[in-house]
Each structure stands twice: as C-alpha cells, then as structure tokens.
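For reference, the structure discussed in these notes is given below.
The values are calculated or read from the model by the stated rules, or taken from the named source; none is laboratory data. Every value quoted in this text rests on a predicted model; they were computed, and no experiment measured them. Backbone-built Cβ (ideal geometry, glycine too); neighbour counts: all protein chains shown.
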C-alpha cells in the first residue's frame, strides 16, 4: 500500500488528523455500510477521541475543498476516525486485508508526525538565528546599493571654504 495514497486521505478536523469512513472502506476494499455496521456493533470501542461524526458544515467544507459533486451524495454524515480509532478498527475488522491496510496507515501517521517534528525543529533553529539573518540582509542591502551611494556622494554640491593655491 502506497503511503502517498493514504496521505491524501488524511484530513484535519477539529485540530486532529483523521480518516473518513468512506476512504477507509475504499482502502479495506469493502462497502462503507459494512464498515459502519462493524463500528456500530462495537461502539464501546470507539469513544469520542477515537471517532466522531462530521457536522454538515465540516462535510460541506470538505466537499468544497475536494471539488466533489453533490450528485448522488450520502444520506449520512461520515464518521471521522483518529489514529487511535483506525488502530481500533484493526481489532473490529479482523481480515488479512484490514491488518495490512492498518499497518500501512499507522506507518503513514508516524511519518506525518516525523515530518511535522522535523519542520518544527527547523523553524525553531531559524527563529534562533533571526537577528543574524537580519544583520546579513542589512549588509547585503548596503553592498548592493553601495554604488548608488558613492555616485550620490560625488554628484552632490560641495559647500564650504575653497582653498586657493
């Protein structure tokens, strides 16, 4: 399973990275209604921090971002599964395909966390050197405009005492 494919199916809602039920069903190669049925039969395994249902506004915003049509549509708002919810699905959907897909999804979530941590470290390092960058930009600006400044100095009208020889 390609991480790039999984990565495109991870969204952020309510400040949490999630995967939607229909995307998971597609990865598991099953119909969404069967995935939802398995989840509903095991609802005690999916507290609110593992899974939540999108609001109409959230779903409409998602449709606007992904440019999907309203034709057909869904009768019910999709469920959003957090990383822990996806992990819990592996216990509910106990098939070889589900296990392989879950392993790939977990690896993708870990990769995303590593990327975010790496970029945060870079941002922190850049912030540490912000004043040094400002000094370098000031010197570069001076060097780039030095010719203009010296030309302006030569072209100015001289004032003061003129010494005769």
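Please go through (1) assigned to a loop (DSSP other than H, G, I, E, B); (2) over 24 Å from the mean Cα position of the chain (by Cα); (3) modelled with pLDDT of 85 or more for residue 72 and return the number of the only condition it doesn't satisfy.
Unmet for residue 72, out of (1) assigned to a loop (DSSP other than H, G, I, E, B); (2) over 24 Å from the mean Cα position of the chain (by Cα); (3) modelled with pLDDT of 85 or more: (3).
Restrict the check to region 41-48 and report whether at least one residue is surrounded by fewer than 16 Cβ atoms within 10 Å (Cβ to Cβ), in a strand (DSSP E or B) and either touching a strand residue (DSSP E or B) at 6+ places or on another chain (Cβ under 7 Å) or free of Cβ contacts under 8 Å to residues at least 60 places away in the same chain (or both). Write out each step before concluding.
Taking region 41-48 and keeping what is surrounded by fewer than 16 Cβ atoms within 10 Å (Cβ to Cβ), we get 41-45, 47-48.
Filter once more, keeping what is in a strand (DSSP E or B): none.
Within region 41-48 (the criterion being surrounded by fewer than 16 Cβ atoms within 10 Å (Cβ to Cβ), in a strand (DSSP E or B) and either touching a strand residue (DSSP E or B) at 6+ places or on another chain (Cβ under 7 Å) or free of Cβ contacts under 8 Å to residues at least 60 places away in the same chain (or both)), the answer is no, since none of the residues qualifies.
If you take the residues in region 9-29 that are surrounded by 12 or more Cβ atoms within 10 Å (Cβ to Cβ) and free of Cβ contacts under 8 Å to residues at least 24 places away in the same chain, which one is farthest from residue 81 (Cα to Cα)? Working first, answer last.
If we filter region 9-29 for residues that are surrounded by 12 or more Cβ atoms within 10 Å (Cβ to Cβ), which is where we start, we get 9-11, 13, 16-28.
Filter once more, so that each one left must be free of Cβ contacts under 8 Å to residues at least 24 places away in the same chain: 9, 23, 25-26.
Working: 9: 11, 23: 10, 25: 12, 26: 14 Å.
That would be 26.
Has region 101-119 got at least one residue that is outside any helix (DSSP H, G or I), out of contact with any strand residue (DSSP E or B) (no Cβ under 7 Å at 6 or more places or on another chain) and either farther than 30 Å from residue 30 by Cβ or touching a residue at least 60 places away in the same chain (Cβ under 8 Å) (or both)? Show your work before the answer.
If we filter region 101-119 for residues that are outside any helix (DSSP H, G or I), which is where we start, we get none.
Within region 101-119 (the criterion being outside any helix (DSSP H, G or I), out of contact with any strand residue (DSSP E or B) (no Cβ under 7 Å at 6 or more places or on another chain) and either farther than 30 Å from residue 30 by Cβ or touching a residue at least 60 places away in the same chain (Cβ under 8 Å) (or both)), the answer is no, since none of the residues qualifies.
Each row is one residue, and each column tells you yes or no for (1) over 30 Å from residue 2 (Cβ atoms); (2) surrounded by 11 or more Cβ atoms within 10 Å (Cβ to Cβ).
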site	(1), (2)
36	no, yes
99	no, yes
106	no, yes
112	no, yes
120	no, no
138	yes, no
142	yes, no
